[in-house]
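Working notes, beginning with the structure itself.
All of the numbers you see were taken from the coordinates with simple rules; none came from a lab. In this text, all values refer to a predicted model and were calculated from it rather than measured experimentally. Cβ: placed from backbone, ideal geometry, glycine included. Neighbour counts: every protein chain shown.
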Amino acid sequence: MTVFRKKPGNGRPAGARKDRGRGTEAAAFAAVVCAVLLGMSGCGQSKTAAEESGGSRQVMVFEDFTAQDLDGNEVDESLFADYDLTMINLWGTFCGPCLQEMPDLGEIADEYKDKGFQIVGICTDAVGNDGTSLPDVVSEAKEIAEETGADYLHILPTGEIFTDLLPRVSGVPTTIFVDREGKQVGLADMGAKSKDGWLKVIDEKLAQVQQEAK
């Protein structure tokens with residue numbers, strides 16, 4: 001697996017390679033799917049197909065949910081209350097495009113923390129088919145977040161996120177924006193973006209919700 005670390009000083013991906021044993025056939029298969037299908041901007045489906053299958057759907061799960069962060073602490077919709085806009089980035093430890101954009105997301109989270117904006121990550125492969133957490137993957141997700149500088153809050157896709165959202169996610173990264181009440185803002189974004197690409201989207205949505213709140 002390639003983990004993209006921050007370079008000293010500018011936080012850009014250095015592309016250092018690091019091999020990790022997942023120990024599961026499912027993880028290996030997911031990595032192969034990612035490499036073969038996407039080599040592009042996401043893992044699981046092409047961007048166009050993902051948009052056609054679910055990009056236009058509004059999700060309501062974040063208005064009322066309970067989950068846990070990577071350390072096992074309980075979180076719910078109250079985590080949005082202090083921010084005008086929250087960017088929820090669904091990613092996977094097997095997904096190259098996800099990891100590649102994480103250093104940029106870490107920088108954005110730091111730069112925009114005083115602008116009423118936050119980023120929350122959801123590690124989609126940190127739970128098994130029964131919705132229970134997978135300790136080895138959780139540990140790997142923590143390491144990735146630290147190495148890439150994406151040290152904002154990351155949560156497990158348990159509870160309502162597992163039952164109501166994950167079945168509708170056709171690929172990662174998938175990004176959803178919500179307001180202070182957990183209500184979705186605009187459409188979901190499929191695939192990774194450059195830092196400038198994300199800043200454009202964030203500035204537009206942040207201005208929209210702040211204007212509507214006046």
Just grab the label-to-label distance for Asp76 and Ser194, each label 7 Å out from Cα along the Cβ direction, in nm (one decimal).
-> 4.3 nm
In nm, give the distance between the simple-model label positions of Asp130 and Thr66, each being 7 Å from the Cα along the Cα-to-Cβ direction.
-> 2.0 nm
Under 14 Å Cα to Cα from Lys205, which aspartates and glutamates show up? Leave out anything in the same chain fewer than 8 places away.
-> Asp84, Asp179, Asp189
Placing each pseudo-label 7 Å from Cα in the direction of the beta carbon, Glu143 and Lys183 end up separated by a distance in nanometres of 4.3 nm
Whose amide H sits under 5 Å from the amide H of Phe65, counting only residues 5 or more places off or on another chain, with H placed in the peptide plane?
-> Glu77
Rounded to the nearest 0.05, what FRET efficiency do Leu166 and Lys214 give with R0 = 30 Å and r taken as the Cβ-Cβ distance? Could you check?
-> 0.25
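Most exposed first by the Cβ proxy, i.e. fewest other Cβ within 10 Å, how do Trp198, Trp91 rank?
On the way: Trp198 21, Trp91 29.
Ascending number of Cβ neighbours within 10 Å: Trp198, Trp91.
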Karplus ³J(HN,Hα) for the stretch 109-122 (6.51 cos²θ - 1.76 cosθ + 1.60, θ = phi - 60°; Hz, whole; x = Gly/Pro) runs 4, 5, 6, 10, 5, 9, 10, x, 9, 9, 10, 10, x, 10
Interchain or long-range residues, amide H under 5 Å from Leu153's placed H | Gly121
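For Arg168, Arg180, what ranking results if the residue with the fewest other Cβ atoms within 10 Å of its Cβ goes first?
Working: Arg168 13, Arg180 17.
By the 10 Å Cβ count, ascending, the order reads Arg168, Arg180.
Stretched out fully, how many nm does the piece from Val201 to Lys115 gain, at 0.36 nm a residue minus the Cα gap?
Stretched out fully, the Val201 to Lys115 stretch lengthens by 29.5 nm.
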